[in-house]
Amino acid sequence: MAHPSQLGFQDAASPVMEELLHFHDHALMIVFLISTLVLYIIVAMVTTKLTNKYILDSQEIEIIWTILPAIILILIALPSLRILYLMDEINDPHLTIKAMGHQWYWSYEYTDYEDLGFDAYMVPTQDLAPGQFRLLEADHRMVVPIESPIRILVSAEDVLHSWAVPSLGVKMDAVPGRLNQTAFIASRPGIFYGQCSEICGANHSFMPIVVEAVPLKHFENWSSLMLEDA
């Protein structure tokens, strides 16, 4: 999860998020180099009284500063399109979970099981246990197995919501009457926090998302207990 005064992204917990972080660093380095070059040119133009007549009217320079930005855009666009297709790829998911947004809580339904579903409300501040995070803890966590493709079907009951978990590289709008889908693979065990990322009303800030990634054996034990309680 994010920490106070943190400037960068959260640590990646899925292969897609790792790719997104690499692309961010790649694009940021290009922006940094362009900014440095522009700053150098501005300083050079301001601090010198000399003028090169060949720079004022030069076909070669105009060709260079036309082709060079096109090459830079290609260097940014190609990896961006690659990641876009990777994020849209859903091959043979091991588990499908339907996340339904309500005002103001999430409900989850494990569609591969006959009767496994629950609502996830935010834990009020006065009920938080030591070590739990304010505005981020939910009374029921969405438990998933690690290293398994998970498909999330996202919709809403009333208004627009958005199911987002930054460390997993997942963000999908929940639209009433529409079923959107996304997928992720949790590469390590852990508890990953997210929040509704669409302004959905007065309690928009109070519908957190908590994903708990566990080994497959622990997930099977958890699902068995949930089915017995149901």
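Note on segment 52-70: residues that are open to solvent by less than 70 Å² (accessible area, probe 1.4 Å) and either modelled with pLDDT of 90 or more or in a helix (DSSP H, G or I) (or both) total 3. Residues in segment 193-230 that are assigned to a loop (DSSP other than H, G, I, E, B) and open to solvent by 70 Å² or more (accessible area, probe 1.4 Å): Ile199, Ala202, Ala230. Restrict the check to segment 33-51 and report whether at least one residue is assigned to a helix (DSSP H, G or I), outside the structural domain of Ile191 (by the TED database), among the basic types (Lys, Arg) and open to solvent by 80 Å² or more (accessible area, probe 1.4 Å). No, there is no match, as no residue in segment 33-51 is assigned to a helix (DSSP H, G or I), outside the structural domain of Ile191 (by the TED database), among the basic types (Lys, Arg) and open to solvent by 80 Å² or more (accessible area, probe 1.4 Å).
Can you tell me which residues in segment 147-192 are β-branched (Val, Ile, Thr) and either open to solvent by less than 20 Å² (accessible area, probe 1.4 Å) or touching a Lys or Arg at 6+ places or on another chain (Cβ under 9 Å) (or both)?
Ile150, Ile152, Val154, Val165, Val170, Thr182, Ile191
Count of segment 105-139 residues, restricted to those that are buried (at least 18 other Cβ atoms within 10 Å of the Cβ) and under 21 Å from the mean Cα position of the chain (by Cα), is 8.
The values are calculated or read from the model by the stated rules, or taken from the named source; none is laboratory data. For clarity, every value in this text was computed on a predicted model and none was experimentally measured. Please note: Cβ atoms are built from the backbone with ideal geometry, for glycine as well, and neighbour counts cover all protein chains shown. Just the protein is used for accessible areas: all its heavy atoms, side chains included, with ligands, DNA and RNA removed. Shrake-Rupley method; radii C 1.70, N 1.55, O 1.52, S 1.80 Å.
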